[in-house]
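Working notes for the structure below.
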Amino acid sequence: MNYNSKLKLVATDLDGTFLKNDKSISKENLDTLHLLGEKGILRVIATGRNLKKTMEVIDENVPFDYIVFSSGAGVYDKKNNNLIFHQNLNKLLVQQISDFLVDLDLNFHLFKPVPENYKCWYHRGSVSCSEFESYFDFHKYHSEPLPLDRKIDSEACQFLVVFPDNLERFLTFKKDLEQMFPDVKVVRTSSPLETGYIWMEIFHLSVSKGNGVKFVCDSLQIEHEFTLGIGNDFNDLDLLEFTNYSYIVDNGPLEMKERFLPAKSNEESAFALAVKKHINR
């Protein structure tokens with residue numbers, strides 16, 4: 001691996017990558033952010049969190065330049081406090097997918113359009129799901145039930161459907177959804193509640209962390225060869241496939257470790273150690 005290409009942009013996932021398990025930021029990672037700034041290298045968050053939840057762990061003293069949030073559904077210029085890109089599902093698609101999920105009697109959340117996508121509708125199926133209820137407890141103050149007549153009449157950022165840890169069932173349902181609705185992308189995510197469930201996130205086809213970072217690069221005329229990315233989960237695949245130097249942390253899935261450069265765990269300041277391989281030469 002040639003580490004000598006000059007970096008111009010570094011993009012990192014948050015949970016399980018840049019943040020420690022207790023959601024704190026290590027001194028090494030914070031110092032590395034400042035070092036990147038001193039060298040004129042852009043610092044980008046690429047996270048599945050919405051913007052509001054991102055700001056809960058990244059305050060004004062943490063020097064990131066851009067935030068690619070909700071897995072790429074929005075891009076925020078942190079320095080200038082400005083939303084510069086967003087991509088929602090259109091009204092017709094929202095209604096069609098919602099009806100489809102209700103007819104299948106599934107438990108799901110439907111998040112309102114960016115930038116209000118910390119708010120959501122929810123639907124409870126007839127079969128109780130503890131994972132759904134645990135997630136609902138975190139969002140109940142920003143949630144409202146799906147209308148009884150099912151009419152949404154709104155764009156939306158994404159759907160979230162919770163699956164038991166059955167990868168075959170997940171992949172079959174993903175294939176069916178993407179064939180039925182060719183304008184959507186289905187993303188697999190490990191449950192952040194660490195309960196073994198698989199989360200299915202349904203976005204507009206163009207939404208991904210990789211496309212969000214590409215938008216920043218294209219806007220600022222940054223070439224692909226000068227980019228670095230680091231992540232920890234399946235929803236980071238598009239990011240790591242886009243960046244030139246791409247790292248998977250030690251606490252990431254085994255099947256991803258076969259494809260990307262190895263990094264330490266998020267508890268061991270993986271972000272700082274990976275980045276310094278490129279900027280200390």
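Numbers for the structure displayed
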| quantity | calculated |
| --- | --- |
| Segment Glu267-Leu35, length gained on full extension (0.36 nm per residue, minus Cα span) | 81.5 nm |
| Restricting region 105-213 to GluC sites (Glu not before Pro) in coil, as DSSP defines it, with at most 13 other Cβ within 10 Å | Glu194 |
| Whole-angstrom gap from region 89-111 to region 206-281, using each part's C-alpha centre | 32 |
| Among beta bridges that DSSP assigns inside the chain, antiparallel share in %, nearest 5 | 60 |
| Cβ charges +1 (Lys, Arg) and -1 (Asp, Glu), total dipole of the chain, debye | 700 |
| For Tyr76, residues with placed amide H under 5 Å, excluding near neighbours | Ile67, Val68, Phe69, Ile84 |
| Helix-only CD estimate at 222 nm, as mean residue ellipticity for the chain, using -39500 (n - 2.57) per DSSP H run (n ≥ 4) | -9000 deg cm²/dmol |
| Intensity falloff of the chain expressed as log10 I(q)/I(0), Debye formula with alpha-carbon point scatterers, at q = 0.08, 0.14 Å⁻¹ | -0.33, -0.99 |
| Dipole-positive endmost among His34, His142, Phe111 within region 1-150 (Cβ charges, Cα centre) | His34 |
| Phi to ³J(HN,Hα) by Karplus 6.51 cos²θ - 1.76 cosθ + 1.60 over region 39-46, Hz, x for Gly, Pro | 8, x, 9, 5, 10, 10, 8, 10 |
| Residue order, fewest to most beta carbons within 10 Å, for Ile198, Ile230 | Ile198, Ile230 |
| Among Val187, Val213, Val44: highest mean-square fluctuation, GNM of the chain, C-alpha pairs under 10 Å | Val187 |
| Listed residues Ser70, Gly229, Ile202: farthest to the positive end of the dipole of the chain (Cβ charges) | Gly229 |
| Cα radius of gyration and Dmax for region 19-148 (Å) | 17.8, 56 |
| Exposure proxy order (Cβ contacts within 10 Å, fewest to most) of Ser206, Ser190, Ser265 | Ser206, Ser265, Ser190 |
| Greater than 25 Å apart at Cα, pairs in Lys140/Lys209; Lys112/Lys174; Lys79/Lys140; Lys23/Lys175; Lys23/Lys52 | Lys140/Lys209; Lys79/Lys140; Lys23/Lys175 |
| Cα-projected label distance for Asp59 with Arg150, points at 7 Å along beta-carbon direction, nm | 4.7 |
| Mean Cα-pair separation over length for the chain, i.e. relative contact order, pairs under 8 Å, 6 or more apart, % | 22 |
| Within region 1-143: Cβ-based charge dipole about Cα centre, in debye rounded to nearest 20 (Lys, Arg +1; Asp, Glu -1) | 440 |
| Volume of the Cα convex hull of region 114-256, divided per residue and given in Å³ | 148 |
| From phi via Karplus (6.51, -1.76, 1.60), per-residue ³J(HN,Hα) for region 219-231 in Hz, x at Gly/Pro | 5, 10, 6, 9, 6, 3, 5, 9, 10, 9, x, 9, x |
| Using θ = phi - 60° and Karplus 6.51 cos²θ - 1.76 cosθ + 1.60, couplings along region 59-71 (whole Hz; Gly, Pro as x) | 8, 5, 8, 9, x, 8, 9, 9, 10, 8, 10, 6, 6 |
| Selected from Leu93, Leu104, Leu171 as most flexible by GNM, with the chain as the system and alpha-carbon contacts under 10 Å | Leu104 |
| Per-residue Cβ neighbour rank within 10 angstrom, fewest leading, Ser219, Ser143 | Ser219, Ser143 |
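Computed from the coordinates by the stated procedures, all read-outs in this text should not be read as laboratory data. Since we're looking at a predicted model, the values are computed, not measured. Because the Cβ atoms are built from the backbone with ideal geometry, glycine has one as well, and the counts that use them run over all protein chains shown.
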